[in-house]
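The values are calculated or read from the model by the stated rules, or taken from the named source; none is laboratory data. The shown structure was predicted, so the numbers you read here are calculated from the model rather than taken from an experiment. Cβ atoms come from the backbone with ideal geometry, glycine included; neighbour counts cover every protein chain shown. Each accessible area value is taken on the protein alone, full model and side chains, heavy atoms only, with ligands, DNA and RNA left out. Shrake-Rupley method; radii C 1.70, N 1.55, O 1.52, S 1.80 Å.
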Amino acid sequence: MFGKLLRENNIVAGILTIVRIYLGWAWMSAGWGKITGGFDASGFLKGAIANPVMGPDGNMVYSGWVSFLESFAIPNAGLFNFLVAWGELLVGLGLILGCFTTAAAFFALVMNFAFMLSGTVSHNPTDVIMGVFIAAAGYNAGKFGLDRFVLPYLRKLVSKGKSEAGHSISA
Ligand SMILES: COC1=C(OC)C(=O)C(C/C=C(\C)CC/C=C(\C)CC/C=C(\C)CC/C=C(\C)CC/C=C(\C)CC/C=C(\C)CC/C=C(\C)CC/C=C(\C)CC/C=C(\C)CCC=C(C)C)=C(C)C1=O
């Protein structure tokens with residue numbers, strides 16, 4: 001019942017539009033700041049490895065993640081500087097405009113979890129709460145946005161492609 005309300009109700013769509021724009025603005029300005037300010041994640045990554053998240057027993061909780069940072073993220077810091085800065089900007093734009101909203105919310109969550117696993121709390125948990133509602137609402141979160149036009153257009157394009165493929169097979 002709650003799922004249906006989230007995914008179909010117009011008032012919920014209106015509330016999610018406000019949440020989307022608020023969250024999108026935060027992502028977009030963070031990304032824009034990184035792109036224009038020259039961003040280097042390597043200091044943060046080294047810090048995350050030196051001070052990993054510890055459990056109550058004094059052991060590392062996310063040792064697999066720390067290995068990933070050490071063996072893949074640090075040697076490819078240039079790639080992550082690009083991915084994080086532009087990812088933040090695009091996710092922000094997508095959420096503000098309501099364009100590919102579900103995909104934008106999904107990638108926002110990927111980044112929130114990457115930051116939290118690296119030991120930063122900041123406003124990641126509240127971003128996650130907003131992101132989960134936006135992603136769970138699917139089309140309804142972008143109903144008052146570009147998704148209203150973009151998704152039906154893409155659906156038409158795909159079904160046209162499918163029927164053309166069908167013709168060529170049967171011909
Ligand atoms: C509070 O948090 C925090 C931050 O701060 C927000 C931070 O920084 C940081 C600091 C961060 C660092 C120092 C980096 C740390 C690095 C790591 C931990 C390494 C590991 C990192 C990762 C694994 C993350 C990697 C990044 C990923 C996966 C993100 C990738 C993102 C994308 C590819 C973008 C996806 C976006 C989508 C899908 C939305 C796209 C939609 C748009 C752009 C809309 C555009 C629309 C238009 C332009 C309009 C045009 C219209 C169109 C197209 C439609 C046409 C219409 C028709 C009808 C045809 C921390 C810690 C933090 O704790």
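Quick look at the numbers
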quantity: Separation of the MET54 and PHE2 label points, Cα + 7 Å toward Cβ, nm; calculated: 3.6 nm
quantity: The chain: most fluctuating residue of VAL158, VAL132, VAL19 per GNM, C-alpha cutoff 10 Å; calculated: VAL158
quantity: Segment 85-121-segment 34-68 distance, computed between alpha-carbon centres (Å); calculated: 18 Å
quantity: Angle between the chain longest axis and helix 101-117 axis [Cα atoms, degrees, rounded to 10]; calculated: 10 degrees
quantity: Residue-averaged [θ]222 nm for the chain, counting only DSSP H segments that reach four residues, each worth -39500 (n - 2.57); calculated: -24500 deg cm²/dmol
quantity: Packing rank of 53-63, 101-111, where each peptide gets the mean count of other beta carbons within 10 Å, highest leading; calculated: 101-111, 53-63
quantity: Equivalent ellipsoid semi-axes - Cα gyration tensor, segment 27-101, angstrom; calculated: 28, 15, 11
quantity: Surface share of carbon and sulfur [accessible, 1.4 angstrom probe, percent] for the chain; calculated: 72 percent
quantity: In Å, descending, principal axis extents of the Cα set of the chain; calculated: 60, 45, 37
quantity: Cα→Cβ-extended label distance, 7 Å offset, between LYS156 and ALA77, nm; calculated: 4.9 nm
quantity: Surface accessible to a 1.4 Å probe, per residue, for the residues of segment 50-132, Å²; calculated: 53 Å²
quantity: Cα-based shape type of segment 111-164, given that a ≥ b ≥ c are square roots of the gyration tensor eigenvalues and the cut on a/c is 1.5; calculated: prolate
